[in-house]
Amino acid sequence: GVQSVRILVANAPPAPPAVPPPPSSPPSPPSLPPSLPSFWQTIAHQDIQAARFPNSARTSFAAGTSADDDAYMALPADHESFRRDGVYTFRLTYGGGTMLARAAGNPDWLTSTWTQTNWVTEGSPGTLTCLDAGCTKWNAAGGCSKFKGLAKSDSGCAVLDGNGLQGCWYNQVGGICEWNGGMPVAHGWVADIMTLDLLWTSVPPPSPPTPPLPPLAPPPPPLTPNDDQFLADSWARASRGNCIAKVHGLAAFTLEFSFRLPRPDAMQTNAGTILRIARTNDDTTQPGYRLPLVGLRTHDGGTPDVPVLYVDHLNEYERLAGSRRVEFLLPILSPPPMPPASPHPPAAPGWTLAVADAFPGATGWSSNRLLVHTSCGSFGEMIGGYGVFGSGAYIEKTFDLSDAPPHGMVRVEVTFVVIDSWDREDAQVLVDGNLVASHQIRYGGSNQCGGSWGDYGPVELAAVVTTSAVNLPVRITSTVNQGASDESWGVQSVRIFVADAPPPPPPPLSPGLTGDPHLHFAHGGEADFRGEDGAVYNMLSHTNISVNGAWEMASFLLPLHWGGMKVRGSFVTDAYIVVKTASSGRTIRVEYSPNQPPTPLVHGLPGGGAATRLHAGEPAVAVEDVRISLEAREGGQGGGAEVLQVSTAGWKLEASARLIWRSTVPGKKQIDLSLAPLRDPLGPQPPTGKMVAPHGLIGQSYDGDGIAVDGKQDKYKDLWKAQGGGHEIVTQAQAEGAIEGEGDDYKMADFFGTDFKYSRFAVAEAPVRDVSKLTGMHRLARPTTGAPGSASTWKVSSGTIGDDEREGQNEPAPSR
């Protein structure tokens, strides 16, 4: 459009300007499609195999607290703000069950998108208009299963359904009951998983009044490199993280822009968000409003001087992705200053620093490549780096420890910098020719130097070696197989510590019960352990306590973005604990089999007779220093858990029974086990007063060295590719690299057995394991509070979690 035309006349040519001419005006930004900003808001979600809606939801229309919950509903109170042109727009997605098989070859049938005139809490569906093939398919169903739009259900088995108050509850939303083992859908299909989304679209802003014509002004002077203004030499479009922009010396500023959302199926997530837009008023989602940009970093895919910018979607909640990128216009500015490098971590308790080499400045190193120093963006300086150290490169030095204190142990710490396109390759440290530390790395993060790949950056490698040598040969290398212009690395520092005996143990890390680990070790290491079907393995063996678990093979389904793919995994389904009381030495046995009640059962209590069954809420059974109880806890997977607690003078353990996430066998339960020492497990043990280091699959990690060791783990995407890209995955890892010996060494002859290769149940003295012989990745445990060696130091637990608690919930599905 045109707002004004001005014609100026003069009787003589105007005088030339007294200042240099301004820079050329920026070209007009590319126009965006006329569509208004919009987003999908998840208002209901259910995995009926894990949880059902409470009856109260039929009137409250609410359940759960997050769309990640297995039974969730939160209808917007201001639902009128979602109505556009008299209709609401919904998207309903089902998965699992027979629905998946029925839709094979027609994935559009899994999702229905439509508009309807009624709000969903009304009793009858209004006018339905289908917007995709899925809705058309559902609407074509015959009889009672015909989809007519969502409304309040008159059945006691659903909160909403596709028939309203008409006697049927097909297209169930908010399942209180099951039908044929799942949720009834159009055409008599059955589903396990449901997600309901509601579309919000912005209202076009009113046209602003035509502003008065500004007076003529002399041209401004040209911008200088130090001006905190937008440089108007060019424009770029930021779309799905592929576009570029620079920022010049600004920690925060404002910017006018317009944006639109890509299609939902094109949305992706990236943990390295480099730009966030904060809300300033209720209308910030409309084009043309001014919003502050806060925080800035470079992002993989760019180059050091042209970082990528993108934003989190305002008012957006995406259940699977967590955040969505927004397409917008941005002017090119000059780059920000690089942040300072982070300082070295403090020395571990009990160790003395003997040598500290930092680059540049360190001497005495040799290499099979030219020894030069380079710089890589915010990572700073290093020896080697891009274009220098690549495939086959190494640096080495023999450290002279003759001036160090007398020692029996040496700890090597290396700050290793990863640059460009590493593809699950290893950074390595060798001492005296033996591999002592290894870290597998894949490219990712912000691009700081070199090629266009994201640079992983600094990695802390650490290893402990039992040696009293005064000459310590150290070599640093990698397993990359490309040249230094494609996969490169450098070293920023090497530190050598010595100790005359095993130092006091630092606090172990809290394991948490999310993410991938099947076994979670005391210092934060992780590994998966598939085991054998029906086999019993020892998880903790220590003075007067032994904890065994029974493994069972079972299958579960991955989320919808994996297409409901099946994983044939494993679970701990039964726990067997043997303890001896401190005073009399009475042997007490506890068995817990939540899939085969009545349990838990306690054997060996004073007075003899039959075993005693525990009930939730009853007082604990106490014998001398041993206490055993059962507790019911609300929340969590499947709506709650039953927790067996056993404590002695030295240990506390919890065995939590919960439903297996998306199990193919409804009602099947697994056990999550956590272990926590109540005193220093490496301190003197009764009755000898000598050290007995714990062992077992998990117990051995209480070794007091402050080194986390990661073993083999099952990565779904890698397994899917290796196993042919079919419709199911079979787990394989046996904690290789993180445990002494092999998995079979921990297998028990019977449920309550205490004897195996590494048993510590009745031994007088036993050393800690030699962690330098473990081939898994070695890394530093994160420092926490607590005096080394004190009981509080060891209060944080380690343990197991089920094979379903892993990255498949959030990991992007592989492309087929």
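The values are calculated or read from the model by the stated rules, or taken from the named source; none is laboratory data. None of these values were measured; they are calculated from a predicted model. Here Cβ is always computed from backbone atoms with ideal geometry, including for glycine, and neighbour counts include all displayed protein chains. Only protein heavy atoms, including side chains, enter the accessible area calculation; ligands, DNA and RNA are left aside. Shrake-Rupley method; radii C 1.70, N 1.55, O 1.52, S 1.80 Å.
Details
- Packing-based order for 682-694, 39-51, 121-133, using average beta carbon neighbours within 10 Å, highest first: 39-51, 682-694, 121-133
- Positive minus negative residues near G182 (Lys, Arg vs Asp, Glu; Cβ under 11 Å): -3
- Distance from the Cα centroid of region 445-502 to that of region 379-418 is 6 Å (rounded to whole angstrom).
- The charge dipole of region 395-483, taken about the Cα centre with unit charges on the Cβ atoms of Lys, Arg (+1) and Asp, Glu (-1), comes to about 100 debye, rounded to the nearest 20.
- Calculated FRET efficiency for the pair D78/V5, C-beta based, R₀ 51 Å, to 0.05: 0.70
- Farthest toward the positive end of the dipole of region 684-770, out of Q700, G743, A722, is the Cα of A722, where the dipole comes from beta carbon charges about the Cα centre.
- Fraction of alpha-carbon pairs over 19 Å apart in region 83-163 - percent: 38
- Gap separating the Cα centres of region 658-689 and region 55-121, nearest whole Å: 39
- Heavy-atom SASA rank of R442, R760 (probe 1.4 Å, accessible area, largest first): R442, R760
- Highest mean packing first, where packing is the average number of other Cβ atoms within 10 Å per residue, the peptides 138-151, 529-542 line up as 529-542, 138-151.
- When you count the other C-beta atoms within 10 angstrom of each residue and take the mean per peptide, 488-494, 697-703, 69-75, 728-734 line up highest first as 697-703, 488-494, 69-75, 728-734.
- Length gained on full extension, W365 to H603: 79.3 nm, using 0.36 nm per residue less the C-alpha separation.
- Gyration tensor verdict on region 603-715 (Cα atoms; rounded if a/c is under 1.5, prolate if a/b is larger than b/c, oblate otherwise): oblate
- Rg and Dmax of region 543-685, both derived from C-alpha coordinates alone, stand at 17.1, 57 Å.
- Remark: for residue pairs K137/K668; K690/K747; K690/K712; K712/K757, the C-alpha separation exceeds 30 Å in K137/K668; K690/K712.
- Prolate/oblate/rounded call for region 703-759, Cα gyration tensor, a/c under 1.5 rounded: oblate
- Rounded accessible area of K652 (nearest 10 Å², 1.4 Å probe): 80
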